[in-house]
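Here is the structure we will look at, set down as structure tokens.
Taken together, the values in this text are just the output of simple stated rules run on the coordinates, not laboratory data. This one's a predicted model, so the numbers in the text were calculated from it and none came from an experiment. Please note: Cβ atoms are built from the backbone with ideal geometry, for glycine as well, and neighbour counts cover all protein chains shown.
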Amino acid sequence: MDSVVVYRSPLFNPSETFVRAHVEALERYRPLLVGVEDKGNVPPQLRPSLFLRSRFGGVEDLADRLRPHRPRLIHAHFGPDGLAALPLARALGVPLVTTLHGYDVSLSRRRMLASARLSWMLYALRHERLMREGGLFLPVSEALRRAALAQGFPEQRTQTHYLGVDLDRFRSGGEGEAGLILHVGRLVEKKGTRVLIAAMARLSEARLVVIGDGPERGRLERQAAGLGPQVRFLGALPSSAVAEWMQRATLLAAPSLTARDGDAEGLPTVIVEAAASSLPVVATRHSGIPEAVVEGETGFLVPESDAEALADRISLLLGSAELRERMGRAARAMVETKFDLRRQTAKLENLYDRLRRD
């Protein structure tokens, strides 16, 4: 079986379940995991294929360790990691695939330079090199692809590829608990959690469960303090627990927005997971979200930062079991057609095959 290097500097961040899903779903390519930091989230069966590199070079040594496994290409997640993997791709003489997820396209050069993160600063200064030498770029939504092209990514080598979800793990749980709203994501500005908490003040009969952690958590907990037990923060949970909460919930709220620094979504995987769980979604018209939420059919879309509109649509869904059931069925059917992990992985491996031949 041919091998592919999957490159992600942290292996893996708890919130990046989509990277782990990519690795575990490969069928015709054997993954070799390469990164800088072991976060303890690598599946046990893949630990023998884990390779760590130095933060400050060590490319030739790493290439020497990888050559006996004969990798055919490298697949990096996020633009900064694509840039970091480029010297390794050169050393191995293989093509480089980079998945673009959102901030790597939406954040301004100035914001990246001011971030004090070395990988972001280097990306701001040298991303044109990745654009020139990268073999293939895979934005996770068509909206993100358009934004990438506007920034100068090469049109012929930039192709939308939707991330898939495991349709066996995420399944309908039935009616769910009355009034239970689920919100899942890293607690950063672009997730719009503050807008959702503001909407909850208008929804006295509803309960909100927030899964995730991040720098905004303290501020959000203070904002929600006046709502008492109406809002619960559970912190970061494993994907299996998220799937269980989706079976208990009545709907998912995903009010993403463009942050003040320009940070934006590509297409949040949690929206697709909710749809696979037959949950209607109330979300915003933001980036690639309308590609996964069909207005009036699988959920509702509202303007960014509009707590009143968000509360209105949530209330409409909470008040109609028939509407929730109809939208949930349509959401599951949409995911089966467009976001099935097995089908999307097969498409990805076909792209690998084609890139190797070109």
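In the neighborhood of Glu221, defined by Cβ-to-Cβ distances under 14 Å, what is the net charge if each Lys or Arg adds +1 and each Asp or Glu adds -1? Mind dumping the intermediate values first?
Details: positive: Arg194, Arg217, Arg219, Arg222, Arg232; negative: Asp213, Glu216.
With Lys, Arg at +1 and Asp, Glu at -1, the neighbours total +3.
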Q.
Over the stretch 180-338, what is the relative contact order in percent, taking alpha-carbon pairs closer than 8 angstrom and at least six residues apart?
A. 24
**Q.** Nearest-20 debye value, the stretch 180-338 charge dipole, Cβ charges on Lys, Arg, Asp, Glu
**A.** 320
Q.
Considering the Cα positions of the stretch 1-146, please state its Rg to one decimal place and its Dmax as a whole number of Å.
A. 14.6, 44
Q: Tell me the label-point distance for the pair Glu244, Glu322, using the 7 Å Cα-to-Cβ offset, in nm and rounded to one decimal.
A: 3.5
Q | Highest-first arrangement of 99-105, 331-337, where packing means the average Cβ count within 10 Å | A | 99-105, 331-337
Q) Peptides 36-49, 229-242, 203-216: what's the order by average Cβ count within 10 Å, highest mean first? A) 203-216, 229-242, 36-49
Q | Relative pair counts by distance (%), Cα atoms of the chain, 10 Å bins | A | 5, 25, 33, 24, 11, 2, 0
Q. Taking 0.36 nm per intervening residue step and subtracting the Cα-Cα distance, what contour gain separates Glu37 from Arg70 on full extension?
A. 9.6 nm
Q) Under a plain spin-label model, where a point goes 7 Å from the Cα along Cα-to-Cβ, how far apart in nm are Ala116 and Arg90? A) 3.1
Q: Taking a cut-off of 18 Å between Cα atoms, list the aspartates and glutamates near Lys338, but don't count ones fewer than 8 places away on the same chain.
A: Glu142, Asp166, Asp168, Glu273, Glu291, Glu295, Glu297, Glu349
**Q.** Straight-distance crosslink candidates among aspartates and glutamates, where the alpha carbon sits under 13 Å from Lys347 and sequence neighbours closer than 8 are dropped
**A.** Glu27
Q. For the pair Ala178 and Ala225, how long in nm is the line joining their label points, each one 7 Å along Cα→Cβ?
A. 3.2
**Q.** Proximal charge balance of Arg285 [Cβ under 9 Å; K/R count +1, D/E count -1]
**A.** -2
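For Gly179, what is the net charge nearby, where nearby means another residue's Cβ is under 9 Å from its Cβ and Lys, Arg count +1, Asp, Glu -1?
Around Gly179, the surrounding residues sum to -1.
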**Q.** Cβ-based charge dipole, the chain, positive-most Cα from Ser15, Ala89, Ser119
**A.** Ala89
Q) If you take the beta carbon distance between Arg232 and Arg109 as r and set R0 to 56 Å, what does 1/(1 + (r/R0)^6) give as a FRET efficiency, to the nearest 0.05? A) 0.90
**Q.** Residues in the stretch 81-99 reached by a label modelled at Ser54 [backbone nitrogen below 19 Å; 7 Å Cα→Cβ]
**A.** 84-92
Q | For the stretch 180-338, convex hull volume per residue from C-alpha positions, Å³ | A | 97
Q: First measure r as the distance between the Cβ atoms of Arg30 and Arg132, then evaluate 1/(1 + (r/R0)^6) with R0 = 41 Å and state the FRET efficiency to the nearest 0.05.
A: 0.90
Q | Highest-first arrangement of 78-84, 50-56, where packing means the average Cβ count within 10 Å | A | 78-84, 50-56
Q. So how strong a dipole does the chain carry about its Cα centre when Lys and Arg Cβ are +1 and Asp and Glu Cβ are -1, to the nearest 20 debye?
A. 900
Q.
Quick check: Cα centre of the stretch 150-183 to Cα centre of the stretch 315-354, how many Å?
A. 8
